[in-house]
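The values are calculated or read from the model by the stated rules, or taken from the named source; none is laboratory data. Bear in mind that the values here come from a model prediction, so they are computed numbers and not experimental data. FYI the Cβ positions are ideal-geometry reconstructions off the backbone, even for glycines, and counts take in every protein chain you see. Surface areas here come from the heavy atoms of the whole protein model, side chains and all, with no ligands, DNA or RNA. Shrake-Rupley method; radii C 1.70, N 1.55, O 1.52, S 1.80 Å.
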Amino acid sequence: MAKRTIELIVNGDRYELAVDPWRTLANVLREDLRLTGTKVGCAQGDCGACTVLLDGRSISSCLTLAVEAHQREVTTIEGLAPSPDELHPIQEAFVQHGAVQCGYCTPGMVLAAKHLLDNNPAPSEAEIRAGLSGNLCRCTGYNKIVDAIGAAAKKISDTGKEA
Amino acid sequence: MKNPAIIGQSIPRLDAPSKVTGKAIYTDDMKLPGMLYGKLLRSPLAHARIKRIDVSKAKALPGVKDVIVGADTPGVKYGNWRLVPQSQDELPLAVDKVRFVGDEVAAVCALDPETAEKALGLIEVEYEELPAILSVEEATAEGAGLIHQESKGNVSLVRKIDYGDLDQMFAKADYVREDTFRVHPVQHAYMEPCSSLAQTEEGNRVTLWTSTQTPYIVQCLLASTLGLPENNVRVMKVQIGGGFGGKMELRPWEFCAAFMSLRTGRPVKFTLTRHDELAYGRRRHPMTIYSKVGFKKDGMLLAKDFQVMLDGGAYNAMGPTATFLCGTFGNMLYNYPAYRYFGRHVYTNKPPASAMRGFGAPQAAFAAETQMNMAAEELGIDPIDIRLMNAMQTGDVIPDVATISSCGFKESLEEVRRISGWDQKRKNKTPGKGLGIGCFSFISGGVFNWFNTKYNFSAAEVKVFEDGTAQLAVMACDIGQGPDTVLRQILAAELGIPIHKIRLISMDTACTPKADLGTWGSRVTLMNGNAIIEAAGKIKAMLRPVMFSELDLNQIHDLAFEDERVFVRANPKKGMDFAECVYKALRGREGEPLTARGYYTPRNKGLVSPAFSFGAQVAEVAVDQDTGQIQVEKMYTAHDCGVAINKMSVEGQLEGAIQMGLGYALMEDLVMDDQGRTLNTTFLDYKMPAAEDMPPGESVEIETYEPEGPFGAKEAGEGLAIPTAPAISHAVFEAVGYRCMETPITPEKVLRALGKIK
């Protein structure tokens, strides 16, 4: 099968790529753009480690073909912090609340949380847990992740900054 | 004893910013110039002789750079128990025989992963199938075929413990019960699938980045299997995406990456899939546990006879240690005047079981704690009271094992009783609801030198500089549990400098001091922490003469290192900045930096561990009597981990342990067919708890001071994975009367017990 030329807008940067049509977005992000913050924990859409935002919506990039993202906006974990020396409030909350252990699920968790808070700025604890239903973690037991997301929601609404 | 202020602080982990921004580099994130992609061909059969392998078609495929089979390798067997060479039963690639579905038979490396995968399909292997032995009962039956010729009866290792007069004690007992428990296999399910990348230089030196818990063990065993000096292998720092015991041995893909890199002169990387991990990966030992226990009628324990068969799968892996620890934890927590353990590690044609969070203890505790609850019920004694009556305490001696140097077990029992509302809730029972208890004890690192290292168990190198900063070098590795932060907290406390002024070099076998046995058995904080304290003490000794001569101090003065200052403890005004002190100490040393090394090896600490943690957990559950669904409503925990160095990290360990314990009790199970194939090889089918499945929790830390630990610290986190399953099981019994003797506790088993289904 011939390669397809696609244009991806990733974290605001435009890339023109020739890719095999069967390649996943996760694979192209990691291997071609070297954005390795997107993790592959199962490659089957079960674990959520590969979560990215596609036009603002959280998706499993291991189940999405790169060609499907043609001319669409992709946000990966590398694109979330507002500047090199500043963290996004969700990232900051993950650090401060001990929501990170091995860190392999973390990029996906953070982006799932971003999607959640974009759509529901003041979620209840149950809504946060439901919002993480597509993301597995084996280290933390989730509670500190849930706490961190709650704290980030509060901070974002208090400061009116970035959601 | 008053600890420095930084001890016990919930300092956010220093590696967290790189992890939340995606900058942290794990092995599979790495790509080197000219790198080749490796893939493994695995046996589709559980037990077979290899009659013929033909790799010619695979080799001829354009893009394939190397194909290897067992006969191409040096054929050196390996295994973690170097102390017992006959226990080393594994080869990187099978020779003559395959012993489980997934046994590695050949490896390919190619320009891209797709070509490597295609090449695997072109390798022709002709097998002569042998009968597959899939249970410990079959394996140990008379006339059973042998999985390894050397192991008669398919038993690879026997562990016996025997003290007290068992017969006499049972004769004295008013109440004796015998039970048999069966516990099932589960998997670590670390989120990062294993990955290894090898690069060679100067002909025969190998650098390996690999998802491991034990860089030193991998270095040594990789060198021996390659036929190279140890010094030619360097294992280097990467981020590790969880381990839980599943990444603590040399693995075939580590060997194949290094071996094919040597052959091709190019970097070679192997990354497993989740299917590989679930279908063929290490797992927690299934066990058959017979336990006979005797009590006086007032509840005093007299004797226990504990006989265990561990289903080890096809190779020893860390099974020998699990066999030892299962015996040790069969009689922990309570004082048994007489105890006998007979543990057998049995080969079967299944993927090897190995270490997994608790290392033989979760299985032992499931049986022991459940049986304790059964006895309490029949003797008419409250389950907490019967435990308090028999509980170990500080100073107790376990024959041939250890003297308990700190123990907050009784306090844990009292606290968990209080916070769970135990007495009240048991008095006013609600149908379908119940409270259950499970307890644990665990090691803080092992004493037994099964790896037969000639070096210290842990080592640290500290350097201090005239700008007031320090560098810490340790071989210990952070697999997610947090030592990259905690070890720096310990050094910061010793030197009295802020944690961010300490640069860390860890997990690099070439430039950190030898050695560190790795991250397992909850050993890092205690063992490495002690090594750091010794090294820091030597640095302080180098700084002391400066202080005494500069300030003309009296011999009776003692120095303190706090807040980036060195000063006279009795007169804090008398002192100088830490940086200045280092600067002055550097003079006259002919340019020799201030460097010191510290070491720790447990000596005269019995056979098992220098320190033990303790704790108790209560589960509150509701069982739906129509569906059999079990809802864990709340978990209450009280545990003694000595002094917590980083409270937030300890909480994180506890909460993570509950996730794993909950999964073990209720949801997770590796289901196998009658051909030895694992059937649930995706996270869709291998169910582990998600965020919505997690119950709320309440916990209390019982602070004791462990004299053998750094700043009083001991094990925290691994042991906590032990009590959850027995606590939930007991709660289910209290709720609906179903006593689980064969894990996991499923709705189907509940309904069958309630007579709702056949």
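Does A:GLU78 meet the test of being within 15 Å of the chain's Cα centre (by Cα), not β-branched (Val, Ile, Thr) and not in a loop (DSSP other than H, G, I, E, B)?
Taking the combined requirement at face value, the residue satisfies it.
Would you confirm whether any residue within region B:378-394 is under 30 Å from B:PHE711 (Cβ atoms), in contact with a Lys or Arg (Cβ under 8 Å, 6 or more places away or on another chain), free of Cβ contacts under 8 Å to residues at least 60 places away in the same chain and open to solvent by less than 10 Å² (accessible area, probe 1.4 Å)?
Yes, region B:378-394 has at least one match.
Please note which strands (runs of 3 or more DSSP E) are completely contained in region B:160-271 and include at least 2 residues that are away from every other protein chain (no Cβ under 14 Å) and open to solvent by 30 Å² or more (accessible area, probe 1.4 Å). Even if it seems obvious, please write down each step before you answer.
Details: elements: B:175-183, B:195-201, B:205-210, B:233-236, B:268-271.
Qualifying strands (runs of 3 or more DSSP E): B:175-183, B:195-201, B:233-236.
In region A:1-56, which residues are among the polar types (S, T, N, Q), more than 20 Å from A:LEU80 (Cβ to Cβ) and not in a loop (DSSP other than H, G, I, E, B)? Let's see the steps before the verdict.
The first filter runs over region A:1-56 and keeps only residues among the polar types (S, T, N, Q), leaving A:5, A:11, A:24, A:27, A:36, A:38, A:44, A:51.
Checking which are more than 20 Å from A:LEU80 (Cβ to Cβ) leaves us with A:5, A:24, A:27, A:44.
Matches in region A:1-56: A:THR5, A:THR24, A:ASN27.
What single numbered condition from (1) away from every other protein chain (no Cβ under 11 Å); (2) β-branched (Val, Ile, Thr); (3) in a helix (DSSP H, G or I) fails to hold for A:VAL95?
That leaves (1) as the condition not met.
Would you pick out the residues in region A:126-163 that are among the basic types (Lys, Arg) and either open to solvent by 10 Å² or more (accessible area, probe 1.4 Å) or over 22 Å from B:GLY242 (Cβ atoms) (or both)?
Scanning region A:126-163 gives A:ARG129, A:LYS144, A:LYS154, A:LYS155, A:LYS161.
Could you please let me know if B:ILE25 is surrounded by fewer than 16 Cβ atoms within 10 Å (Cβ to Cβ), of a type in the set (Val, Ile, Thr) and either touching a residue at least 60 places away in the same chain (Cβ under 8 Å) or away from chain A (no Cβ under 13 Å) (or both)?
Numbers: surrounded by fewer than 16 Cβ atoms within 10 Å (Cβ to Cβ): yes; of a type in the set (Val, Ile, Thr): yes; either touching a residue at least 60 places away in the same chain (Cβ under 8 Å) or away from chain A (no Cβ under 13 Å) (or both): yes.
Here the answer is yes, as B:ILE25 does meet what is asked.
Pick from B:MET372, B:MET332: which is in a loop (DSSP other than H, G, I, E, B) and buried (at least 24 other Cβ atoms within 10 Å of the Cβ)?
Matching residue, one of B:MET372, B:MET332: B:MET332.
Any idea which of B:GLY656, B:GLY661, B:GLY697, B:GLY717 is within 14 Å of chain A (Cβ to nearest Cβ), within 23 Å of A:GLY108 (Cα to Cα) and either in contact with a Ser or Thr (Cβ under 9 Å, 6 or more places away or on another chain) or among the charged types (D, E, K, R) (or both)?
After ruling out the rest, the residue left standing is B:GLY656.
Out of (1) closer than 21 Å to B:ALA665 by Cβ; (2) surrounded by fewer than 23 Cβ atoms within 10 Å (Cβ to Cβ); (3) not aromatic (Phe, Trp, Tyr), what's the single condition that is false for B:ASP298?
With (1) closer than 21 Å to B:ALA665 by Cβ; (2) surrounded by fewer than 23 Cβ atoms within 10 Å (Cβ to Cβ); (3) not aromatic (Phe, Trp, Tyr) applied to B:ASP298, the lone miss is (1).
Is region A:100-114 home to any residue that is surrounded by fewer than 22 Cβ atoms within 10 Å (Cβ to Cβ), among the small types (Gly, Ala, Ser) and closer than 25 Å to A:ASP158 by Cα?
Keep residues of region A:100-114 that are surrounded by fewer than 22 Cβ atoms within 10 Å (Cβ to Cβ), which gives none.
Within region A:100-114, not a single residue is surrounded by fewer than 22 Cβ atoms within 10 Å (Cβ to Cβ), among the small types (Gly, Ala, Ser) and closer than 25 Å to A:ASP158 by Cα.
Check region B:261-277 and report whether any residue there is at pLDDT 95 or above and farther than 23 Å from B:ALA110 by Cα.
Checked region B:261-277: no residue is at pLDDT 95 or above and farther than 23 Å from B:ALA110 by Cα.
Which of the residues belonging to region B:230-240 are modelled with pLDDT of 95 or more and in contact with a Ser or Thr (Cβ under 7 Å, 6 or more places away or on another chain)? Full working, then the answer.
Applying the first criterion (modelled with pLDDT of 95 or more) to region B:230-240 yields B:230-236, B:238-240.
The answer is B:ARG234, B:VAL235, B:MET236, B:VAL238, B:ILE240.
For region B:68-85, does any single residue satisfy the condition of being touching a helix residue (DSSP H, G or I) at 6+ places or on another chain (Cβ under 7 Å), hydrophobic (A, V, I, L, M, F, W, C), part of a loop (DSSP other than H, G, I, E, B) and open to solvent by 20 Å² or more (accessible area, probe 1.4 Å)? Full working, then the answer.
Taking region B:68-85 as the starting set, the residues that turn out to be touching a helix residue (DSSP H, G or I) at 6+ places or on another chain (Cβ under 7 Å) are B:68, B:73-74, B:76, B:78-81.
Subsequent filtering for residues that are hydrophobic (A, V, I, L, M, F, W, C) retains B:68, B:76, B:81.
Restricting the remaining residues to those that are part of a loop (DSSP other than H, G, I, E, B) gives B:76, B:81.
Still in the list and also open to solvent by 20 Å² or more (accessible area, probe 1.4 Å): B:76.
Among the residues of region B:68-85, at least one is touching a helix residue (DSSP H, G or I) at 6+ places or on another chain (Cβ under 7 Å), hydrophobic (A, V, I, L, M, F, W, C), part of a loop (DSSP other than H, G, I, E, B) and open to solvent by 20 Å² or more (accessible area, probe 1.4 Å), which makes the answer yes.
Inspect region B:664-678 for any residue being under 23 Å from A:THR140 (Cβ atoms) and free of Cβ contacts under 8 Å to residues at least 40 places away in the same chain and give the result as yes or no.
No, every residue in region B:664-678 fails to be under 23 Å from A:THR140 (Cβ atoms) and free of Cβ contacts under 8 Å to residues at least 40 places away in the same chain.
Just one of the numbered conditions (1) on the phi > 0 side of the Ramachandran plot; (2) at pLDDT 95 or above is not true of B:SER135; which one?
Of (1) on the phi > 0 side of the Ramachandran plot; (2) at pLDDT 95 or above, only one is false for B:SER135: (1).
Give the residue, chosen from B:GLN187, B:GLN213, B:GLN168, that is touching a Cys at 6+ places or on another chain (Cβ under 9 Å) and modelled with pLDDT of 95 or more.
Criteria check complete, one pass: B:GLN213.
I'm trying to understand the selection: among the residues of region A:116-137, which are out of contact with any helix residue (DSSP H, G or I) (no Cβ under 7 Å at 6 or more places or on another chain) and either in a loop (DSSP other than H, G, I, E, B) or over 30 Å from B:ALA721 (Cα atoms) (or both)?
A:ASP118, A:ASN119, A:SER124, A:LEU136
Criterion first (surrounded by fewer than 24 Cβ atoms within 10 Å (Cβ to Cβ) and more than 10 Å from every other protein chain (Cβ to nearest Cβ)) does B:ILE6 satisfy it?
Yes.
Among B:MET576, B:MET635, which is assigned to a strand (DSSP E or B), in contact with a strand residue (DSSP E or B) (Cβ under 9 Å, 6 or more places away or on another chain) and within 30 Å of B:ARG387 (Cβ to Cβ)?
Details: B:MET576 fails: within 30 Å of B:ARG387 (Cβ to Cβ).
Among B:MET576, B:MET635, only B:MET635 is assigned to a strand (DSSP E or B), in contact with a strand residue (DSSP E or B) (Cβ under 9 Å, 6 or more places away or on another chain) and within 30 Å of B:ARG387 (Cβ to Cβ).
Within the set of pairs 6 or more residues apart or between chains, which connect a residue that is over 30 Å from B:ALA189 (Cα atoms) inside region B:199-211 to a residue that is in a strand (DSSP E or B) and open to solvent by less than 30 Å² (accessible area, probe 1.4 Å) with Cβ atoms less than 6 Å apart?
Filtered contacts from region B:199-211: B:THR200/B:VAL206.
Which of (1) free of Cβ contacts under 8 Å to residues at least 40 places away in the same chain; (2) at positive phi; (3) surrounded by 19 or more Cβ atoms within 10 Å (Cβ to Cβ) is the odd one out, the single condition B:ASN604 does not satisfy?
Among (1) free of Cβ contacts under 8 Å to residues at least 40 places away in the same chain; (2) at positive phi; (3) surrounded by 19 or more Cβ atoms within 10 Å (Cβ to Cβ), B:ASN604 violates only (3).
Considering only residues of region B:28-69 that are among the acidic types (Asp, Glu) and away from every other protein chain (no Cβ under 14 Å), which is farthest from the chain's Cα centre (by Cα)? Let's see the steps before the verdict.
Going through region B:28-69, the residues among the acidic types (Asp, Glu) turn out to be B:28-29, B:54, B:66.
Okay, now just the ones that are also away from every other protein chain (no Cβ under 14 Å), so B:54, B:66.
Values: B:ASP54: 39, B:ASP66: 35 Å.
Restricting to residues being among the acidic types (Asp, Glu) and away from every other protein chain (no Cβ under 14 Å), the top hit is B:ASP54.
Inside region A:28-75, can you point out the residues that are open to solvent by less than 30 Å² (accessible area, probe 1.4 Å), within 12 Å of the chain's Cα centre (by Cα) and basic (Lys, Arg)?
Correct list: A:LYS39 only.
Among the numbered criteria (1) touching a residue at least 60 places away in the same chain (Cβ under 8 Å); (2) facing another protein chain (nearest Cβ under 8 Å); (3) open to solvent by 20 Å² or more (accessible area, probe 1.4 Å), which single criterion is violated by A:ASP118?
(2)
Give the number of residues within region B:11-22 that are in a loop (DSSP other than H, G, I, E, B), closer than 16 Å to B:PRO483 by Cα, facing chain A (nearest Cβ under 7 Å) and touching a Lys or Arg at 6+ places or on another chain (Cβ under 9 Å).
1
Go through region B:664-694 and give me each residue that's within 7 Å of chain A (Cβ to nearest Cβ) and among the acidic types (Asp, Glu).
B:GLU692
Please work out if B:LEU666 is touching a Ser or Thr at 6+ places or on another chain (Cβ under 7 Å) and modelled with pLDDT of 95 or more. Full working, then the answer.
Working: touching a Ser or Thr at 6+ places or on another chain (Cβ under 7 Å): no; modelled with pLDDT of 95 or more: yes.
So B:LEU666 does not fit the description; no.
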